[in-house]
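The values are calculated or read from the model by the stated rules, or taken from the named source; none is laboratory data. Since the structure is predicted, the reported quantities are computational estimates derived from the model, not experimental observations. In this analysis, Cβ positions are derived from the backbone assuming ideal geometry, glycine residues included, and neighbour counts consider all displayed protein chains. The area values use the complete protein model at the heavy-atom level, side chains included, leaving out ligands, DNA and RNA. Shrake-Rupley method; radii C 1.70, N 1.55, O 1.52, S 1.80 Å.
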Amino acid sequence: MTGTIPLQFFLVISTLMFFIGVFGFLTRRNLITMLMSIELILNSVNINFVAFNKYLFPQHLSGHFFSLIIIAVAAAEAAVAIAIIINIYRNFKSIDVDKVDEMKY
Amino acid sequence: MTDYSYTILIPLVPLAVFLFIGLTGHKMKPIVSGLIGTAGLAFGAILAYITAISYFWGGHEGAGYASIKAFEIPWLHVTKNLTISLGSLIDPISVMMLVVITTVSLMVHIYSLGYMKGEKGFHRFFAFLSLFSFSMLGLVLATNIFQMYIFWELVGVSSFLLIGFYYEKPSAVAASKKAFIVTRFADLGFLIGILMLSFNTQTFDFQTLVSQTGPAISQPGGAAFMGLSVLTWSLIFIFMGGAGKSAMFPLHIWLPDAMEGPTPVSALIHAATMVVAGVYLVARLFPVYALGAPDALTVVAWVGGISSLFAAVIACTQTDIKRVLAYSTMSQIGYMMLALGVSGYGGHDGLGFMAANFHLFTHAMFKALLFLGAGAVIHAVHNNDMSGMGGLRKYLPWTHATFLIACITIAGIPPLSGFFSKDEILVAAFHHNPVLFYIEYAVAGLTAFYMFRLYYSIFWGKETHYHHTPHEAPLVMIIPLLILAFGSIFAGFLPFEELVTSDGLPFELHTEWAIAIPSVLIALVGITVATIMYRKVTAIPDKIAGSVSHLYKWSYHKFYMDEVYLFVTKKIIFRFISRPIAWFDRHVVDGTMNGIAGVTQFASFNIRNLQSGKVQQYAYVFITGALVLVFIFVFLW
Amino acid sequence: MNSDLMFFILAGVILVFSVLTVTTRRILRAAVYLLFVLISTAGLYFMLNYNFLAAVQLTVYAGGIVVLIIFSILLTSHISERAVVANWKQSLLSALAIVAGATLTLISVFRFSFTASPEPAAPSGVKDIGAALISYGENGYALPFEVVSILLLAAMIGAIIVARKEKIKVDEKDLK
C-alpha cells in the first residue's frame, strides 16, 4: 500500500510535471520536443486520475480506466503527430516551429 | 389609312449598320464599311421617299394632313401613370425631316467615301455617321417628348464623337468637349422643361400635347411665376434645349469650334440636320407655343432675330471658311426661329411656321452644298483659311459652279430656292413685328455680302501660288455636289403651303412683291459691294475695316463671347461655386472616407502581429488567459 | 517507510528528468530523459497497486511512443544537432507564467482537505480489468473501449496517409 504518503504529494508531482510540460511546450522550437512536452502533460494528468481513484474512490476503477484510455489516445496522438512532423520535414526541410509560418499574415 | 409602321425601319437600319460596322469594321476593308454605311442610308432614304410620296400625294381622307402614330411600343413602365414609349409619328414636319435627313446624310455618306479616303479610322467614321443618322431619325420620328429627349442626347453624343473624330488633335478634343458641355447645359433646361410640362399635363405624348382639347392648350393656367404661367416657363426651358442644339445666341459658342470635325460632318450635323433640331423641336410643339404660351413664342422670335444679326455681323470678318459657314448657319437658323416666333396658328397666320420649315428644307440643301463645296476646296488646298486661297475657279470648275449656285441661293436671288423661303419669312415678320422685319432685311444684305466675300476670296481674288496644283475633287465627291445643287435650285418650287402647315390644312400663298423686291435689291447691293471689294485685290476692305476699326475688331473676335464665357465660368462659377464644392468634396467627403480607410488600415497594421503564425505565441496567450480566468474564478469570486 | 522512501525517489526522478527533458539542448537525450520519467511514473502506478496500468504504461509509453519519437528524431535531425531554444525574453515570460500557474494550482491543492476513503479497494487484476472492459452497465467500460479502438484505427490510417510519400509525378514530356 501507499503507507503514509498523502494524496497531496501525488498532486504536487503531477502539478509540477504538468507545468514543466507547459514550459517545454512554450519554449522549445523543435516540434518533436514539443511533442514530448505534451507527453509529459498527458502523463501528469494520468497520475492525477490514478491517485484520485486510489485515495478517494478505491471501490471503483474509473480513474484507472481513464488513464488506460488516455494512454491509448496518447499513442494515437503521437503516431499522427509524428506523421505530420515527418511530412513537414519533407516540405520545409526543418521541424523548427518558427520556420513553419508560410500562412503568416 | 395607309400603314406607315415600316417607317420604324428608317432609323433602325442605320442602327444595325452602326452596330455591324462598329463591331466588325476593323476586320473589313475600309471601303467595304463605307459602302455598307452608304447602302444602309440609301435604303433609309428610299423608305423616306416612299413615305413622303404616299403621305403627301398618296391620297388622304378629309382635309389636310393628319398626324399618324405609325408605330409605338411601351419602353419603360415606370409607374401606372408614367410610361415611356418608343415609336414613330408621321406628320408633315416629321416626313419632311425624314426626307431632309436621309437625303443630306446619303449625300454626305457618298461624299465621305471620297473625302475621307485613306483616313485613319475610316470605318469608325462611317459607324459614327450611321449612329448619328439613327439618332437624328429617331428624334424626328419621336412620338413623345421623352423619346425625343433620349434621341436628342444620342444626337449630342454622336456629334461629340464626330467633332472629336481627329482625337489626336487637341483643338478637336477641346471643341468636342465644348460642344458637348454647352449643349448638355442647354439640355438641362430641356429636361427641366419636359418635367415641368409633363408634370402639368400628365403626358409625354406629342399628339395629346398639341391637340387643341389637350391639357396643355385647354388649361394653360396653373401657378404663375414672374408674371408668366408654368406652361410658358416650361416652354421657355424647352426652347433653351432647342437653342443649345441650334446654336442660338448666347449658347452658340460651340458651333464655330465644332468645325474642327471632318468637313462632311460639318455639312451633315452642323449645317443641315442636328442644328435644326431646335427648330424642329419648336415646330413639333408649335400648337402649344402658339395657343398656350405666346410669350414663349416671343422669346423664340427675339432670340432668333438677335442670333441671325449677331452671327451675320461676325461672319463678315472671319477668315476661316468653315467658320464663316458656321456663322452663316447660325444666322439662317436664327431666321427659322424668328419665323416660328412670329407665326400664328392656322391658315395664313401660320405662314411663319410654314416658312420656317420651308427654309429649313431649302437651307439643308444649300448649306450642305456649301459645306461640301468648302470641303472640296479644303481637300484641294489642304487649308481652311481664305487668306491662303484665291483664283481657284480655274482648278476646281465643278466645285466653283456648285458653290456659286449655293451662294446665289443663300443670298436669296430668284428663282433659286432660298429666295422663296426667305421671302416668306420676311413676309411673316413684316406682319408681326416691324423691328424684327428690318433686322432681317439687314441680315439679308449682310448674308449676301459675306457669302460673296467668301466666294470671291476662294475662287477669285489674288492669284495664290500653291505648293502643288490644286486638283478637282473625285467624281464621288462631285456627284453629291451636283445633286444638292439641283435641290438648291428647284426645292423652292415645292408647294410647301399645301404640305407643311401649322394646322395641317393648306392655304393660299401670294408673293408680296412689295417685300420681295426690296429684299432682292438689298441682296444685290450686298453682292455688288462684295464684288467691288473682293473680286480683285483692292485696298478697300482694309480701309473700311480701318474706318470702323472698333466694330471690325469686335466682330473679328466674335464679340468676345468666348472670353465672356470663360470669365463667367472660370472667374465666377469656378472660383465661387466649384472651388468650395471641390474643397468640401476633397476634404470633407473624401476626408471622411479616407479617414475610415486610414483608421482601418492603421488598426489592422497594428493588430497584424497578433496573427503571427507562431503556435507558441498562441499557446502562451491561451495559457496565461486560462490562468487569469482560473485566478479570477477560484480566488476572487 | 520503504514505500515512502520509494515514493520520494520516484518523485525526485520524475521531477529532475522532467526538467531535463524540457531544458536539454540535445533532442535524443531529451527523449531518453522522457523515457526515465515515464518509467518512474510506471513505478508510481506499481506503488498504487495498479499493476496492469503500470505494465501498459511501460509497454505503450516507454516501449511504443518513446521508440517512435526516437525514430522520428533520427529521421529528422542529426545526432550532433543542438536544439534551438527560445530567446531569453520568451523563456522568462513562460517561466513566469508557469510559476504563477503552479503556485495557483498548489495553493488550491493544499487549501482543500482530501479525506481518504476507507472502502476496500476494488480488485484490479488482469482478469477483472478484462471483464470490466467488455461489460456494460455499472463498472463496465465497453463503450469507451470500442470508441478508443476506433480512434486508434482512425489514427493509424491517418498517420499512414499523412506520412506517405507523394508519388513523384513524371511529366510525359520528360520521358520522350
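Odds and ends about this structure:
- Charge tally in the Cβ shell below 12 Å around B:SER502, where Lys, Arg are +1 and Asp, Glu are -1, B:SER502 excluded: -3
- Region B:130-204 and region B:1-80 have Cα centres separated by 19 Å.
- Radius 14 Å from Cβ of B:PHE493, net charge of other residues (Lys, Arg +1; Asp, Glu -1): -4
- Buried solvent-accessible surface, both chains (C, A), 1.4 Å probe, Å² to nearest 100: 6900
- Quarter of the Cα convex hull surface for the protein assembly as shown, i.e. its orientation-mean projected area (nm²): 64.4
- Using distinct alpha-carbon pairs, which all enter the 1/r mean, Kirkwood radius of region A:7-92 in Å: 14.0
- For the peptide C:103-110, the mean number of other protein chain Cβ atoms found within 10 angstrom of a residue's Cβ is 6.
- For the listed peptides B:102-113, B:319-330, B:394-405, a ranking on the average number of other beta carbons within 10 Å per residue, highest first, reads B:102-113, B:319-330, B:394-405.
- Karplus-derived HN-Hα couplings along region A:26-32 (A = 6.51, B = -1.76, C = 1.60, θ = phi - 60°), whole Hz, x at Gly and Pro: 7, 9, 7, 9, 7, 4, 5
- Surface exposure of region B:272-325, expressed per residue as accessible area with a 1.4 Å probe, stands at 17 Å².
- Shielding by other protein chains, C:63-76, mean Cβ within 10 Å: 5
- Summarising the amide proton neighbourhood of B:ILE68: residues at separation of 5 or more, or on other chains, whose placed amide H is nearer than 5 Å comprise B:ILE90, B:ASP91.
- Ordering B:278-285, C:29-36, A:54-61 by mean Cβ neighbour count within 10 Å, with the highest value first, yields B:278-285, C:29-36, A:54-61.
- Mean accessible surface per residue for region B:398-492, computed with a 1.4 Å probe while every protein chain stays in place, in Å²: 36
- Shielding score for C:49-61, defined as the mean number of other chain Cβ atoms within 10 Å: 4
- Here the Karplus relation 6.51 cos²θ - 1.76 cosθ + 1.60, evaluated at θ = phi - 60°, turns the backbone of region B:477-494 into coupling constants of 8, 6, 4, x, 4, 5, 4, 5, 5, 4, x, 4, 6, 9, 4, x, 8, 5 Hz, with x for every Gly and Pro.
- Take B:80-88, B:296-304, B:258-266 and order them by the average number of nearby Cβ atoms within 10 Å per residue, most first; the result is B:258-266, B:296-304, B:80-88.
- Based on alpha-carbon atoms, the Kirkwood radius and the radius of gyration of chain B give Rg/Rh equal to 1.12.
- Once the convex hull of all Cα atoms in region C:23-164 is built, its volume per residue stands at 176 Å³.
- Taking the empirical scaling 2.2 N^0.38 Å for compact globular proteins as reference, region B:217-345 has a Cα radius of gyration ratio of 1.11.
- Against the main long axis of the alpha-carbon atoms of chain C, helix C:27-47 sits at an angle near 30°.
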